[in-house]
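Since the structure comes first, as structure tokens, the remarks are kept for the end.
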Protein chains: 2
Amino acid sequence: MNKKGTLIVISGFSGVGKGTVVKRLVSEYGYNLSVSATTRAPREGEVNGREYYFMDKGEFENLIDYGGFFEWTQYVENYYGTPRKYVEQSLNEGKDIILEIEVMGAMSVKQQYPEALLIFIAAPSIKSLRDRLVSRGTENEATIVKRLKKATEEACDMDKYDYIVINDNLDVCVEEVNSIIRGYSCRCANNLQFIQEIKDELKEI
Amino acid sequence: MNKKGTLIVISGFSGVGKGTVVKRLVSEYGYNLSVSATTRAPREGEVNGREYYFMDKGEFENLIDYGGFFEWTQYVENYYGTPRKYVEQSLNEGKDIILEIEVMGAMSVKQQYPEALLIFIAAPSIKSLRDRLVSRGTENEATIVKRLKKATEEACDMDKYDYIVINDNLDVCVEEVNSIIRGYSCRCANNLQFIQEIKDELKEI
């Protein structure tokens, strides 16, 4: 029985700490993380294929035309996108792969790949999200308000996710996301071939 | 936010070892196990309310008439059933509760309580189920064939379960079932009240 891997899409409120959750899933549980492509210039220390696949604008647009992205977006004159090739290769090899992307991209992935597992990381409350942003001390009031406005947009599509995980305690949150992924592959819909094999075997008794 | 517990229904092939899986879920992860009611006489060492709720026939039939059972069945002149009261009380207190019941009972529970989580424990193959029954050495060939015939009936409804877990390695199986239960409570459908609260909070920004 050759089972496909699970395409895991993780989004969440801006500032909720989803990057940390994803990093721990990769380092502690060995999940593969999809590497995005971008046209922005590499920063010091960034390695092609590790932080990003660095491309020039022509290459990126060419890949868009060929349907080479699961989702892509333009932000401050640069393109960012999820190349389809590496993701599909991992899934076909039976490996789960995580995409950490924004809500709009997530909706696009779900449309193209309905069996994707969509997980939304939420704060326990908007008050706690604000407190978290304030306590970081790295952002001024205007930026915080901007992030919270963005949360308003993000919240509109929250109920289109398969699972909502509340990041109140980081350890618990990471374990819950891991449980969701692990359990997901046992869904009946993921085991139709196995069920058929069992039924075929039983016919011979 | 007052979250209801999850009603977990565990079934599986006769002889697959689901009793052992359930025992470990209770002892290692602290899940509550629903206690069945029966009209059969208590055996030595059995305690009312621990192994079973022991009732006389009149009491049991009275409870059937009052809709007091989630599911019940008659087997060799005795009744067996899942009393609704204790299960509903646990769920309302936010506690998850496990019902280890047969396929027909499981289908009945799902009909009455669609948010129930149905997990089917399968053997890796029917051949391995037969090998397992043979190696136990406690059953003769006729009984083994009877169990496998029963598996044929059980397999018919396998695809109506939410999750299929293969009991190849007991430790892995127990962990997978625990992951499924843990992840299940994060389903979006279980968090609609939370999503509404977040949206309400965001309106005020």
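Just check the range B:40-140 against the gyration tensor rule for me: Cα atoms, a ≥ b ≥ c as the square roots of the eigenvalues, rounded for a/c under 1.5, and otherwise prolate or oblate depending on whether a/b exceeds b/c. Intermediate values should be presented prior to the final figure.
On the way: a/c = 2.00, a/b = 1.33, b/c = 1.50.
Taking the square roots of the gyration eigenvalues as a ≥ b ≥ c, the range B:40-140 is oblate.
Counting only protein heavy atoms and using a 1.4 Å probe, what share of the accessible area of the range B:69-201 belongs to carbon plus sulfur, as a whole percent?
The C+S portion of the solvent-accessible surface of the range B:69-201 is 50 percent.
Dividing the convex hull volume of the alpha carbon atoms of the range B:1-94 by its residue count, what do you get in Å³ per residue?
Per residue, the Cα convex hull of the range B:1-94 comes to 124 Å³.
Hey, got a sec? Which GluC sites (Glu not before Pro) in the range A:57-163 land in a DSSP loop and have at most 16 other Cβ atoms within 10 Å?
Of the GluC sites (Glu not before Pro), the ones in loops of the range A:57-163 whose Cβ has at most 16 other Cβ atoms within 10 Å are A:E77, A:E93, A:E115, A:E139.
How high is the FRET efficiency from B:S27 to B:R50, r the C-beta distance, R0 22 Å, rounded to 0.05?
Working from the Cβ atoms, E equals 0.95.
Would you please give the FRET efficiency between B:K203 and B:V76, computed as 1/(1 + (r/R0)^6) with r the Cβ-Cβ distance and R0 = 51 Å, to the nearest 0.05?
Working from the Cβ atoms, E equals 0.25.
Taking the label point as lying 7 angstrom from Cα along the Cα-to-Cβ axis, what are the distances from B:G19 to the corresponding position in the remaining copies, in ascending order and in nanometres?
Once sorted, the set of distances for B:G19 reads 5.4 nm.
For the range B:42-94 and the range A:1-54, write down the distance between their C-alpha centroids in whole Å.
If you average the Cα positions of each part, the centres end up 51 Å apart.
Mind running the shape call on the range A:142-201? Use the C-alpha gyration tensor, a ≥ b ≥ c as the square roots of the eigenvalues: rounded below 1.5 for a/c, prolate if a/b tops b/c, oblate otherwise.
oblate
Gap in Å between the Cα centre of the range B:142-205 and the Cα centre of the range A:136-162?
32
Suppose R0 equals 41 Å. What FRET efficiency, 1/(1 + (r/R0)^6) with r the Cβ-Cβ distance, do B:R40 and A:K146 give to the nearest 0.05?
E(calc), rounded to 0.05, equals 0.05.
Equivalent-ellipsoid semi-axes (√(5λ), Cα gyration tensor) for the range A:83-160, whole Å, largest first? Don't skip to the answer; put the middle values down first.
Details: eigenvalues 194, 38, 25 Å².
Sorted largest first and rounded, they come to 31, 14, 11 Å.
Could you order A:R182, B:R40 so the one with the most accessible surface comes first? Probe is 1.4 Å.
Working: A:R182 70, B:R40 25 Å².
Ranked list, largest accessible area first: A:R182, B:R40.
With heavy atoms of protein chains only and a 1.4 Å probe, what residues of the range A:155-183 have at least 50 Å² less accessible area in the full set of chains than alone?
Those residues are A:D159, A:Y163, A:I164, A:S179, A:R182.
I'd like the interface area for chains B and A: accessible area of each alone minus the complex, both sides summed, 1.4 Å probe, protein heavy atoms only. What is it in Å² to the nearest 100?
3400
Starting from one equal scatterer on each C-alpha and no solvent at all, send me the Debye-based log10 I(q)/I(0) for chain A at q = 0.09, 0.10 Å⁻¹, two decimals.
Debye curve over Cα of chain A, log10 I(q)/I(0) at q = 0.09, 0.10 Å⁻¹: -0.40, -0.49.
Taking the label point 7 Å from Cα in the Cβ direction, how far apart in nm is A:E77 from each other copy of itself, listed shortest first?
9.1
If you average 1/r across every pair of different Cα atoms in the range A:78-128 and take the reciprocal, what Kirkwood value do you get, in Å?
Across the range A:78-128, the inverse of the average 1/r is 12.8 Å.
Can you give the extra length, in nm with one decimal, that the chain gains between B:D168 and B:Q193 once fully stretched, where that is 0.36 nm per residue apart less the Cα-Cα distance?
Here the segment from B:D168 to B:Q193 would lengthen by 5.2 nm.
Once the label point is placed 7 Å from Cα along Cβ, list for A:E61 the distances to the corresponding points in the other copies, in nm, shortest first.
8.4
Could you grab the relative contact order for chain A? Cα pairs under 8 Å, six or more apart, rounded to a whole percent.
30
Determine which lysines satisfy two conditions relative to B:K149: a Cα distance under 29 Å, and not lying fewer than 8 residues away in the same chain.
Straight-distance partners of B:K149: A:K3, A:K199, A:K203, B:K18, B:K23, B:K110, B:K127, B:K160.
Taking the square root of 5 times each eigenvalue of the Cα gyration tensor, what semi-axes in Å does the equivalent ellipsoid of the protein assembly as shown have, largest first?
Values: eigenvalues 435, 145, 52 Å².
Equivalent ellipsoid semi-axes, largest first: 47, 27, 16 Å.
Hey, what number do you get for chain B at 222 nm if only DSSP H runs of n ≥ 4 count, each worth -39500 (n - 2.57), divided across all residues, to the nearest 500? Write down the numbers at each step before the final one.
On the way: 8 runs with 94 residues, N = 205.
Here the helix-only value at 222 nm equals -14000 deg cm²/dmol.
Quick one: ranking B:S27, B:S11 by accessible area, 1.4 Å probe, largest first, what do you get?
Output order, biggest surface exposure first: B:S27, B:S11.
Along the Cα→Cβ direction, 7 angstrom out, place labels at A:R136 and A:K57. What is the inter-label distance in nm?
3.0
In the Gaussian network model of chain A, springs joining C-alpha atoms below 10 Å, which of A:R136, A:R84, A:R147 carries the largest mean-square fluctuation?
Top of the fluctuation ranking is A:R136.
So what is the accessible area of the protein assembly as shown per residue, in Å², with the probe set to 1.4 Å?
Numbers: 20910 Å² over 410 residues.
I get 51 Å² per residue for this part.
The values are calculated or read from the model by the stated rules, or taken from the named source; none is laboratory data. Bear in mind that the values here come from a model prediction, so they are computed numbers and not experimental data. Cβ: placed from backbone, ideal geometry, glycine included. Neighbour counts: every protein chain shown. Surface areas here come from the heavy atoms of the whole protein model, side chains and all, with no ligands, DNA or RNA. Shrake-Rupley method; radii C 1.70, N 1.55, O 1.52, S 1.80 Å.
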